[in-house]
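Only one structure is covered here, and it is reproduced in the block below.
Nothing in this text is a laboratory measurement; each read-out follows from the coordinates by a stated rule. Just so it is clear, the structure is predicted and the values come from calculations on it, not from any experiment. Positions of Cβ are generated from backbone atoms using ideal geometry, with glycine treated the same way; all protein chains shown enter the neighbour counts.
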Amino acid sequence: MKKLRHKLILVFLAATILPTAAILWMSVALIKHSLSYVGIDDLDAVSKSLQGVALDYYHQSQRELKEEALSSRLQPERFTTGLISRGPVFLQQFWQSKEPERFELSQPDGDRLQYLVRHGSEIWVYSRNLAGVRMEELTRQYRHARAQVEKIQQRDLRKGFTYTLIFLTIIVWLLALTTLLYLANRISRPIQELTAGLHRLSEGDFDTRLNSRQGDEVGRAVQAFNQTADRLRQNRDRLVYLTQIASWQMLARKMAHELKNSLTPIRLTVEEILARSPAGHRHFLEQAAQVVIGEVESLGKRVQAFSEFAAEPPIHPCRLDLNALLEERVHFLKVAYPEVQYQIERTDQIPMAWADADQIKGILTNLLENAAEAAGSGGTVRALTKRYNEQPAIEVHDSGPGLSEDARRSLFQPSISFKKNGMGLGLSISRKNALLAGGDLLAINGLMGGAGFRLLLPSEDENRDS
């Protein structure tokens, strides 16, 4: 059964590795193609161009502002020493630097350019509007763009995406493989058990049964296996029993023939001795003759019973209403056992049986008589019809002492009797006739503490289908 599991795994590998590799290759190609649209180089070029343009504009503005200052087209704002100490920070820094001139951008946006010139103890400040251009904001944007470019360049996005995709693909594939291993084991285990059960069944172990909680095809196969094993065991038991019965019948036929051949001369001889006996001993001889003749007649009855056991009467199966047949047998036996109370339970949905009417009447008569004798005076016999595994059945229960384990083991064997004056052949003949009819006679647990028997018969529908 490991081969089945291995085949499932190989099928999974063959069905997933090639498609997974193709999907992975296409995904990597798409990632590569997609990343080609990310303008890292363009962004780098734009940021550098922006830097050049901003610097050119800044230098041009410086030159123009200086020209306007030198040509006196702009009037400066003058700061004396006293005002410098109280003025902006950039004035103090310029004053302390000893530089003759300096350009400064206004804070915080840098939208004005200021030209600082030292004149003795004063600082002249010329300013010019940069026409809405905010140099500080441009500087911040440029630094941010450069930082992004450097950050992206430090990372290999293509390799990162590829590794991530491969890692996720492997995880998903391993999860799928784990799920397959679980399902393969779940599927193969009951099949393995079924194969082992079939092997044991083929070796003759008809008590093999399998457990399965699955409701799929495998579960139904296990149920079918158990039903088949039950039927094989029942058929084996029936065949063994009928084989034993056939052997016992042959022995009974020989015994009946031999006893009959011996009993007839014995009886004739005793009658001849009685006829020729003197008158003085007539009374004694008559008594002795009656004893011998009585025993011969008793042996004759046993010989007749063995002859009936060995006989195979013709079978004429017909359609039987078990409810009516059971009621007829019970009313018939009430006269012979008036001290016994009978209970009849009918099942209206029971199918019609198909069997020989005389055989079934004989079986019911034997079962009801045994139940009445076991129940005794004041006891109860309960007879009921029912449907058992889609077969019509009759059960007979009594309130007697029940059967011991020894009695159960040898219950249907010939020449074994557990009641007074019993021949020990009634249940054997009954079960043999039930088996020949296509059914069976089984000992079951009694419903009233005593013995219980179930007579199973083939239904009319089974006979029609066959």
request  = Quick one: in segment 333-347, of everything that is within 25 Å of Leu435 (Cα to Cα) and free of Cβ contacts under 8 Å to residues at least 40 places away in the same chain, which residue is surrounded by the fewest Cβ atoms within 10 Å (Cβ to Cβ)?
outcome  = Arg346
ask   = Within the group Leu333, Leu322, which residue is within 24 Å of Asp440 (Cβ to Cβ) and touching a Pro at 6+ places or on another chain (Cβ under 8 Å)?
value = Leu322
ask   = Which one is surrounded by the most Cβ atoms within 10 Å (Cβ to Cβ), of the residues in segment 64-123 that are over 23 Å from Arg134 (Cβ atoms) and of a type in the set (Lys, Arg)?
value = Arg118
note = Conditions (1) under 38 Å from the mean Cα position of the chain (by Cα); (2) farther than 20 Å from Glu328 by Cβ -> Thr347 fails only (2)
